[in-house]
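Just below is one structure, and these are the notes that go with it.
The values are calculated or read from the model by the stated rules, or taken from the named source; none is laboratory data. The structure displayed is predicted, hence computed values, not measured ones. Here Cβ is always computed from backbone atoms with ideal geometry, including for glycine, and neighbour counts include all displayed protein chains. What goes into the accessible areas is simple: the full protein's heavy atoms, side chains included, and nothing from ligands, DNA or RNA. Shrake-Rupley method; radii C 1.70, N 1.55, O 1.52, S 1.80 Å.
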Amino acid sequence: MNKIIVFLFVIMFVIFFGCKDSNSAKSVSLENQKSNEDYIEQGKDIASSAFLALSGELRSAIQEGGLENALTYCNLNALALTDSLSQAYNVDIKRTSLKYRNPKNRPSPDEVEILNEYQKALESEGQLFPKVINVAGVNKFYAPIIMQDACLKCHGAKASIPVYKSILKHYPDDLATDYAMGDLRGIWSVTFRK
Ligand code: HEC
């Protein structure tokens, strides 16, 4: 009988403290998750405004003067545009890729890791999600950039890029070709300033 009472007591003890522990663990992780989610939401807003700004400019440059004009536009303005959005949002916005066109967009070692992770995830799961990582107190947002139909004209198979010669003139070491629809083209990398 005594043994049963001790046993019940132990069970209640475990349940009581066990629950308490798991509850407090839950609330801590919920708090972390919340601030992480805030950064994810902000990062998504920033990346999608940058994407809309760039693709809008690209579309009007094509309409005004064809692909060649759009190429010159990207060459002269793509970085200036992401830089001015960086100032506006008080973050550092970068578009980067394992196979980059402009050497100024070369990935950092952290970004190479993320790009490799996304590449693996795309092959195994077929779906990619934005993420936020905290490195030494700095929050960094990453989101995948997937190849679409409109990108093939400048990033598809070399033979099918009408302006390939001009691309090589601007970017003699260009790596950003031979992509297909649905490929991972690169990532948005947004660093929230402290
Ligand atoms: C008119 C040609 C053209 C089209 C169309 C185009 N791009 Fe680019 N892309 C460029 C050029 C030129 C650069 C280099 C810009 C620079 O100098 O910063 C570039 C750079 C990039 C980069 C930055 C990394 C790097 O390689 O330097 C990404 C990512 C990218 N493009 C993705 C896309 C996606 C996605 C699409 C379709 C939605 C697209 N591009 C459509 C010409 C084009």
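Taking segment 173-187 as the search range and keeping residues that are within 8 Å of the ligand (Cβ to nearest atom) and under 11 Å from the mean Cα position of the chain (by Cα), which one is most open to solvent (accessible area, probe 1.4 Å)? Of everything passing the filter in segment 173-187, 185 is most open to solvent (accessible area, probe 1.4 Å). State whether one or more residues within segment 135-158 are closer than 15 Å to residue 71 by Cβ, away from the ligand (no atom under 11 Å from the Cβ), open to solvent by 50 Å² or more (accessible area, probe 1.4 Å) and over 13 Å from the mean Cα position of the chain (by Cα). Checked against the condition, which is being closer than 15 Å to residue 71 by Cβ, away from the ligand (no atom under 11 Å from the Cβ), open to solvent by 50 Å² or more (accessible area, probe 1.4 Å) and over 13 Å from the mean Cα position of the chain (by Cα), segment 135-158 yields at least one hit. Return the residues of segment 111-134 that are among the charged types (D, E, K, R) and either on the phi > 0 side of the Ramachandran plot or within 16 Å of the ligand (Cβ to nearest atom) (or both); say none if nothing qualifies. Correct list: 111 only.
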